[in-house]
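To keep things clear, I will list the structure first and then write my remarks on it.
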Amino acid sequence: MNPKGKLYYLLGEYSKENYDIKTFCEQFTIIFNNEIDFEELNDLEYRLFSNLSKLTARFSPYDEDLILPNVYYNEQDVKKEVLILQEILNKKN
């Protein structure tokens, strides 16, 4: 599976609750930042995946981290962004 396919796979499996938030965030961040050839993505995919990557890279399950404003993101923030991303991509397909 190519990296773009991996991102779509992760999104689908996370939505089905087959991945926990920590694993999803780690894998999404690694694939987007290290494996993806950005030329594989269209402009919309790049923008949406980039926005999500900013959250997944700064996900924290710890309340003491989340006290700092605009530094870390919680599970609800990531889930919300995933839902928005999927809604937009589903409209395009």
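Every condition in (1) among the hydrophobic types (A, V, I, L, M, F, W, C); (2) at pLDDT below 95; (3) out of contact with any helix residue (DSSP H, G or I) (no Cβ under 7 Å at 6 or more places or on another chain) is met by PHE38 except one, and the failing one is (3). If only residues of segment 76-91 that are under 14 Å from the mean Cα position of the chain (by Cα) and open to solvent by 100 Å² or more (accessible area, probe 1.4 Å) are counted, the one that is nearest to ASP20 (Cα to Cα) is GLN76. Of the residues making up segment 6-49, those that are of a type in the set (A, V, I, L, M) and farther than 22 Å from LYS91 by Cα are ILE21, ILE30, ILE31, ILE36.
The values are calculated or read from the model by the stated rules, or taken from the named source; none is laboratory data. Keep in mind it's a predicted model, so treat the numbers as computed, not measured. Using ideal geometry, Cβ is built from the backbone for each residue, glycine included, and neighbour counts are taken over all protein chains shown. In case anyone asks, the SASA skips ligands and DNA or RNA and just uses the protein heavy atoms, side chains included. Shrake-Rupley method; radii C 1.70, N 1.55, O 1.52, S 1.80 Å.
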